[in-house]
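Chemist: Following this message is one structure expressed as structure tokens.
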Amino acid sequence: MTAILRESPPATDQVTLPPPTSALRRIGKHPRLMHYHRLAALVLVLNIVLLGLQLGDGGPGTSFAAWATTANITLAVLVRQQYVINFLFWLATRAPTSWPLRIRWTLAKVYHFGGLHAGAAIAGTLWFGTLTALLTVRGADTAVLLVSYLLAGLLLVLVATALPAFRSRYHDRFELIHRFGGWAALGLFWSQTVLLGSAGVWLLALATVSVALPWLRLRRVPVHTERPSAHVALARFTRGRKPFPGSSTTISRSPLREWHSFANIPAPDTDGFRLTISRAGDWTGSFIDDLPSHVWVKGITTAGVANIETLFSKVVYVATGSGIGPCLPHLLAQQVPARLVWATREPRDTYGPALVDEILAAQPNAMIWDTSAHGKPDMVRLAYAAYRDFGAEAVICISNKKLTWRVVQGLEQRGIPAYGAIWDS
């Protein structure tokens, strides 16, 4: 029995969704109140409390403002570091499946850690503004003020360009600004720390090492590429350690300009791994049209959202198009019983028969919906039907931003744990 739908697909309009939960619980599941925003708010509230304590003692001095700035900026840097990210995932997934679902449901939101980054970056910028004002009022040396004004302006640019409106529309520019602007900011922080003799030198050193570590592992490595269709390229790496299931690797053809992250897929019967690269923009399109013989890699393999699967007894993976890439390592590893729902156009023609057969070997009961033959399905209903029939505890969705949020919110507001990328980087 093949899982590829070639005849009449199931009528999703006959799948009855459970009723929504109470209005209060639905509000708590709104995207504006997701855990990313809650963590950012928590950091800001803690900083407000610190400010309040200082105001009770006559107001913050330059030393405290400098320390608060450095502490927040260091947190913002560390929480984006690959070793820290992997540790956070490891820590959150230590909970056994015997724990109450409500606790595991919350722990699985660990991938919202970017809220700590956002909150700390904003708080650090505000504290630095306070420090700059204090230095100005108290008549600091010209060199100190010059460095402070330059750094204050740079921090404002970094925060402004990180706002979703700019980041999503001009993502390549956002990356360049934050890469080179971040390096420049670190240099200016060091200059000011030396000029002021601040006590936060060890925190600044920690942040600097954190930024430098991935670049110390920069390598140009050979890659074997094939193009099963004009829409997809499969990149194979045969050197280095086999990455753990659910991790990702960042690659580039020009390391100072643009980096892209892809899920690592173990290669069958070899020590290597593969990346599935689908046409989704200028960079991926250029990669597919002009297959390279070598690419740059840096940092270490990093845990992705689907690593939270081990918190549940059974999960359903919902993917569209190339979203199968991040799902496949988990389906092949079979650490947790899983059921796949995959909607894509002409799967064999697009991704190649070998890859589709590999998926079916791991998931003989998968629901694979050919959108070119049957149109786009109601993914919320398909996800719920698989969740219900398989007896799963959670749904993990890997798709585009709009559909991921539709599936996650649609299920969570009906009391079903659901997870998907939040596009916060």
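The values are calculated or read from the model by the stated rules, or taken from the named source; none is laboratory data. This is a predicted model, so every value here is computed, not measured. Quick reminder, even Gly has a Cβ in these numbers, built from the backbone with ideal geometry, and neighbours come from all protein chains shown.
Chemist: Scan region 212-228 and report the pairs whose first residue is over 29 Å from T350 (Cα atoms) and whose second residue is in a strand (DSSP E or B) and not β-branched (V, I, T), with Cβ atoms within less than 8 Å and a gap of 6+ or a chain change.
Modeler: From region 212-228, the pairs are L218/W296; R219/W296.
Chemist: I've got another one for you. Residues in region 221-230: is at least one under 23 Å from A421 (Cβ atoms) and either not assigned by TED's automatic domain parsing to the domain that holds I324 or not in a strand (DSSP E or B) (or both)?
Modeler: no
Chemist: Next up: If P243 passes every condition in (1) free of Cβ contacts under 8 Å to residues at least 24 places away in the same chain; (2) more than 30 Å from F128 (Cβ to Cβ) but one, which one does it miss?
Modeler: (1)
Chemist: Do you know which residues across region 161-172 are surrounded by 12 or more Cβ atoms within 10 Å (Cβ to Cβ), out of contact with any Phe, Trp or Tyr (no Cβ under 6 Å at 6 or more places or on another chain) and in a helix (DSSP H, G or I)?
Modeler: Passing the criteria: A162, F166, H171, D172.
Chemist: Let me ask another. Looking at (1) within 26 Å of the chain's Cα centre (by Cα); (2) surrounded by fewer than 18 Cβ atoms within 10 Å (Cβ to Cβ), which one does L403 not meet, given that it meets all the others?
Modeler: The single condition L403 does not satisfy is (2).
Chemist: Give the residue, chosen from G299, G375, G325, that is modelled with pLDDT under 90, under 25 Å from P417 (Cβ atoms) and among the small types (G, A, S).
Modeler: Only one candidate passes the filter, namely G325.
Chemist: Return the only residue of A184, A205, A152 being assigned by TED's automatic domain parsing to the domain that holds Q82, without any contact (Cβ under 8 Å) to a residue 24 or more places away in the chain and in a helix (DSSP H, G or I).
Modeler: A205
Chemist: Here's a follow-up. Go through (1) touching a helix residue (DSSP H, G or I) at 6+ places or on another chain (Cβ under 9 Å); (2) free of Cβ contacts under 8 Å to residues at least 12 places away in the same chain; (3) of a type outside the set (V, I, T); (4) under 23 Å from G28 (Cα atoms) one by one and return the number of the condition D357 breaks.
Modeler: So D357 meets the others, but not (4).
Chemist: Residue by residue through region 48-106, note down the ones that are of a type in the set (D, E, K, R), surrounded by 14 or more Cβ atoms within 10 Å (Cβ to Cβ) and in a loop (DSSP other than H, G, I, E, B).
Modeler: Passing the criteria: only R80.
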